[in-house]
């Protein structure tokens, strides 16, 4: 990991359910359209989906080369500065905001904005304690690492590991709805950051990464589905996710399986299946995704 920057911004890994479907279709697979996800499927796959998606979010995605090529500067305008941890009164708001600020923390750490990251850490601590998961954050160590730029990799690992432990704890203790909210919060903020960068610094590779979110979005909708009728907060969130999904309706993603490759992992050889993807998305579609993402993200963090 030495010398590399890692950042939880884009969630481009695909849950095993999607991959299994792809492999079953042969060497080429076109992501299917579906107007709705059957409730029975959402219930059946909820636990598995949460585990797989949380792993993907908790595993940082290396985008340093892409951002360096794009020469994207840091912008405080991307941060969810309107979130006040002291004003998050419900468990729903606390869990969702915890995810949002987690994504912002990754963004700040990547750009070595230690002063601002300490402020966000304080908010994260309050939110975590508010839903009784503060024990999984080693705040003093994270704070110390934030002030020591030479330990950036350790800082990112510790931050991500804290979120991983929280997710597992919530799921193991029948509080899966809060785990889902945290995951969705990370995704919403990551999607917002990605689309705002795309708006200011258009780039084909970044456009593809945003297009690929169509898949993870469907998985997130499946995660939220069992709770959509739980209360008005969840019902509103589910409608918002569906609104973002509608902007992806005509985005086409085609996967082609490549030749298996051998890689060394933990001292042994592991066979991995390779694949390539082609995203077909018009300028009008990406513009719509950018607009709707911003509108919904801003509404959610302002608790409107």
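The numbers here are math on the coordinates, done by the rules we state, and not lab data. Only a predicted model underlies this, so the values are computations on that prediction, with no experimental measurement involved. Don't worry about glycine lacking a Cβ; one is built from the backbone with ideal geometry, like all the others, and counts go over all protein chains shown.
Descriptive notes on the structure:
- Cβ crowding within 10 Å, taken as a proxy for footprinting-reagent exposure, orders 131, 271 from fewest neighbours to most as 271, 131.
- Neighbour counting of Cβ atoms within 10 Å sorts the residues 186, 278, fewest neighbours leading, into 278, 186.
- Model label sites at residue 205 and residue 154, defined 7 Å from Cα along the beta-carbon direction, differ in position by 3.0 nm.
- Averaged over residues, the count of other Cβ atoms within 10 Å places the peptides 232-243, 251-262 in the sequence 232-243, 251-262, highest first.
- Fewest-first ranking of 198, 205, using other Cβ atoms within 10 Å as the exposure measure: 205, 198
- Considering only alpha-carbon pairs that sit under 8 angstrom and 6 or more positions apart, the relative contact order computed for the range 117-198 is 19 percent.
- Ordering of 213-222, 170-179, 78-87 by packing is 213-222, 170-179, 78-87, highest average first (other Cβ atoms within 10 Å, averaged per residue).
- Between residue 144 and residue 264, full extension at 0.36 nm per residue minus the direct alpha carbon distance yields a gain of 39.8 nm.
- Rounded if a/c under 1.5, otherwise prolate or oblate - the range 168-265, Cα gyration tensor axes: oblate
- Spacing of the two label points (7 Å from each Cα toward its C-beta) at residue 125 and residue 161, in nm: 1.9 nm
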